[in-house]
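The values are calculated or read from the model by the stated rules, or taken from the named source; none is laboratory data. The model shown is predicted, which means the values in this text are computed figures rather than measured ones. Here the Cβ is made from the backbone with ideal geometry for all residues, glycine too, and neighbour counts use every protein chain on show. Accessible surface areas use protein heavy atoms only, side chains included; no ligands, DNA or RNA. Shrake-Rupley method; radii C 1.70, N 1.55, O 1.52, S 1.80 Å.
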Amino acid sequence: ATIANPKSHYGHGGTRNFVVQRLTGALNIGFTLFLVWFVVRLAGADRAQMLEVVRNPAIAIVLCLLIVNVAVHMRIGMHEVIEDYVNDGPRNRLFNGLNTAFAILVPVLSVISLAKIVFWG
């Protein structure tokens, strides 16, 4: 009855997560190509050369977008794993909360680190 009721929001988050995960997955293909180029470009470089490349605003922006995109994709994927394998309600909420906290903390710290490199070397 709940699913058949068009006024219920049952499944709304699942559809959004499905679309966002597919979109972030597609974007990850392009970001992977960028990351391969980035790693090859920096292979054998010393610290000064690495800082010079990372301080380029275009590179720094793409790196930030890559980090956020991967974190969003990871959060949704781990959410699905937790939903599938953790059947206890309170533990499910705890693990999903930890998953979300991790998916927020890692990109925030990474972007702050990148900003430190870009603005202060």
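A few points about this structure:
- Total residues in segment 79-119, condition among the charged types (D, E, K, R) and assigned to a loop (DSSP other than H, G, I, E, B): 1
- Some residue of segment 67-89 being at negative phi, modelled with pLDDT of 95 or more, open to solvent by 60 Å² or more (accessible area, probe 1.4 Å) and out of contact with any helix residue (DSSP H, G or I) (no Cβ under 8 Å at 6 or more places or on another chain): no
- Within segment 48-58, the set of residues being more than 23 Å from residue 23 (Cβ to Cβ) and in a helix (DSSP H, G or I) comprises 48, 49, 50, 51, 52, 53, 54, 57.
- Which numbered condition residue 6 fails, given (1) at pLDDT below 95; (2) of a type outside the set (Val, Ile, Thr); (3) in a helix (DSSP H, G or I): (3)
- Candidate set from segment 24-66 (those that are among the polar types (S, T, N, Q) and surrounded by 14 or more Cβ atoms within 10 Å (Cβ to Cβ)); member that is farthest from residue 114 (Cα to Cα): 24
- Among residues of segment 101-121 that are of a type outside the set (A, V, I, L, M, F, W, C), those with a beta-carbon under 6 Å from a residue that is in a helix (DSSP H, G or I) and open to solvent by 60 Å² or more (accessible area, probe 1.4 Å) at least six positions away or on a different chain give the pairs 107/68.
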